[in-house]
1. Go through region 351-396 and give me each residue that's of a type outside the set (Val, Ile, Thr), open to solvent by 40 Å² or more (accessible area, probe 1.4 Å), part of a strand (DSSP E or B) and within 20 Å of Glu325 (Cβ to Cβ).
2. Given the conditions (1) closer than 30 Å to Ser289 by Cα; (2) buried (at least 18 other Cβ atoms within 10 Å of the Cβ), report the number of the one that Gln435 does not fulfil.
3. If you scan region 418-449, which residues turn out to be of a type in the set (A, V, I, L, M, F, W, C) and within 17 Å of Leu386 (Cβ to Cβ)?
4. For region 212-227, give me the residue count where each residue is more than 25 Å from Gly241 (Cα to Cα), in a loop (DSSP other than H, G, I, E, B) and not hydrophobic (A, V, I, L, M, F, W, C).
5. Test each condition in (1) crowded, with 17+ Cβ neighbours inside 10 Å; (2) free of Cβ contacts under 8 Å to residues at least 12 places away in the same chain for Arg108 and report the one that comes out false.
6. Name, by its number, the condition in (1) under 30 Å from Trp300 (Cα atoms); (2) aromatic (Phe, Trp, Tyr); (3) open to solvent by less than 60 Å² (accessible area, probe 1.4 Å) that does not hold for Phe422.
7. Mind listing whichever residues of region 397-440 are of a type in the set (Asp, Glu), touching a residue at least 12 places away in the same chain (Cβ under 8 Å) and farther than 29 Å from Glu365 by Cβ?
8. Six or more apart or on different chains, Cβ under 6 Å: which pairs go from a residue in region 196-208 that's on the phi > 0 side of the Ramachandran plot to one that's modelled with pLDDT of 95 or more and open to solvent by 50 Å² or more (accessible area, probe 1.4 Å)? Could you list them?
Amino acid sequence: MAPRARGRRPPPPPLLLLLLWVTGQAAPVAGLGLDAELQVERRSVPDECPRTVRSGDFVRYHYVGTFPDGQKFDSSYDRDSTFNVFVGKGQLIAGMDQALVGMCVNERRFVKIPPKLAYGSEGVSGVIPPDSVLHFDVLLMDIWNSDDQVQVHTYFKPPSCPRTIQVSDFVRYHYNGTFLDGTLFDSSYSRNRTFDTYIGQGYVIAGMDEGLLGVCIGEKRRIVVPPHLGYGEEGRGNIPGSAVLVFDIHVIDFHNPSDSISITSHYKPPDCSVLSKKGDYLKYHYNASLLDGTLLDSTWNLGKTYNIVLGSGQVVLGMDMGLREMCVGEKRTVIIPPHLGYGEAGVDGEVPGSAVLVFDIELLELVAGLPEGYMFIWNGEVSPNLFEEIDKDGNGEVLLEEFSEYIHAQVASGKGKLAPGFDAEMIVKNMFTNQDRNGDGKVTAEEFKLKDQEAKHDEL
């Protein structure tokens, strides 16, 4: 999708002028009344015909022009391009102007035009002899009017629609793009990925910008875009100039860059006084899905909980926010916009880029964390002879093994507590390294300090 092309339509090739009214006179439009002169045979008419050609419409059609003996004098198929023209404005020979009125897209007509409604007694030098009867086999491909606007037909709308697309929203949707005759020119399904764009900011053609407004997540609609709100007279790529475009779209999700997370609590136990906070160790179950209901992941299916330390960067920011102030046993749904989830990149093979995520969560366990900045705390008074207690052999030096054994003994007895959710051995090793000021692999009484004695260290 791109802003529609603008510019003047180039003049038709010389052979196409064979269909033009060479005298410059305005051709009258007489409809389809079959008189003794103009003959129209409807050889193929589609089952559905929501609209027919009227005077003032712009049409695109293929044709083969022959003389009564079958000799071909012109064909749009040979140029691999439709003939594009306004009907009833004197741009065609009179017989063709009359013969096109009332046609449906995909209708095929066989037209016999007498000389007085074609090129008369003059003919076209070297191409059409004077007083020639002309036969045209015509197939109508497209029709629109300069007064046309975007047409929208919704053929599926979900029962629940709490929010619809507005200007500046970012939308992910699938589409099939066809011409009025049903020819497919593009499809997001064939690429196996949605088309993602902002709405109302000129990133897509004007007709699509308009047609996507007011759509619900999960809604399916058909958007018909006239060329002046599409790719205009010049077209683009495999889209010919002046083509009406038909998009069958399915909105997968949308969000706004200003969105935050959305939290809906479905159940809280009677006692919900202890709430989760930064530093707490949580165990929870979740189902993760897209807004259209597509399941991405489930801890229930895996048979094990997901375990994190809140506020430690172990989950996306939106999930970290959604797990705050939650009590054990509570069930909630958290909706996370992509800028608080996995962003534009997503997760290859798992989460699409720019996807809104829905998490249904049940908190099963909460272990209170330590005060911010601490990885170990004492549950009571600290011994005034702490270094001596750690230095069991009394040699004035504490090795990592001695230090680790002592700290683990304090935790086991309930006198101390390590930050939950982290590797205990790694915490102890970091504590020892912080005390080993000179890096010689041992801690002396001069090096050993508690946190309140030296604020930059968190370990004791």
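The values are calculated or read from the model by the stated rules, or taken from the named source; none is laboratory data. What you see is a predicted model; the values in this text were computed from it and never measured. No Cβ is skipped: glycine too gets one built from the backbone with ideal geometry, and neighbour counts run over all protein chains shown. In case anyone asks, the SASA skips ligands and DNA or RNA and just uses the protein heavy atoms, side chains included. Shrake-Rupley method; radii C 1.70, N 1.55, O 1.52, S 1.80 Å.
1. Asp360, Glu362, Leu364, Glu365
2. Answer for Gln435: the failing condition is (1).
3. Narrowing region 418-449 to residues of a type in the set (A, V, I, L, M, F, W, C): 418-419, 422, 424, 426-428, 431-432, 443, 445, 448.
Leu418, Val428, Met431, Phe432, Val443, Ala445, Phe448 - these are the residues of region 418-449 that are of a type in the set (A, V, I, L, M, F, W, C) and within 17 Å of Leu386 (Cβ to Cβ).
4. Taking region 212-227 as the starting set, the residues that turn out to be more than 25 Å from Gly241 (Cα to Cα) are 213-220.
The next check asks that each one be in a loop (DSSP other than H, G, I, E, B); those that pass are 213-215, 217-219.
Subset that is not hydrophobic (A, V, I, L, M, F, W, C): 214, 218-219.
Residues in region 212-227 being more than 25 Å from Gly241 (Cα to Cα), in a loop (DSSP other than H, G, I, E, B) and not hydrophobic (A, V, I, L, M, F, W, C): 3 in total.
5. The one condition Arg108 does not meet is (2).
6. With (1) under 30 Å from Trp300 (Cα atoms); (2) aromatic (Phe, Trp, Tyr); (3) open to solvent by less than 60 Å² (accessible area, probe 1.4 Å) applied to Phe422, the lone miss is (3).
7. Listed by number, the residues that qualify are Glu397, Glu402.
8. Pairs that qualify, where the first residue is on the phi > 0 side of the Ramachandran plot and the partner is modelled with pLDDT of 95 or more and open to solvent by 50 Å² or more (accessible area, probe 1.4 Å), are Gly200/Val167.
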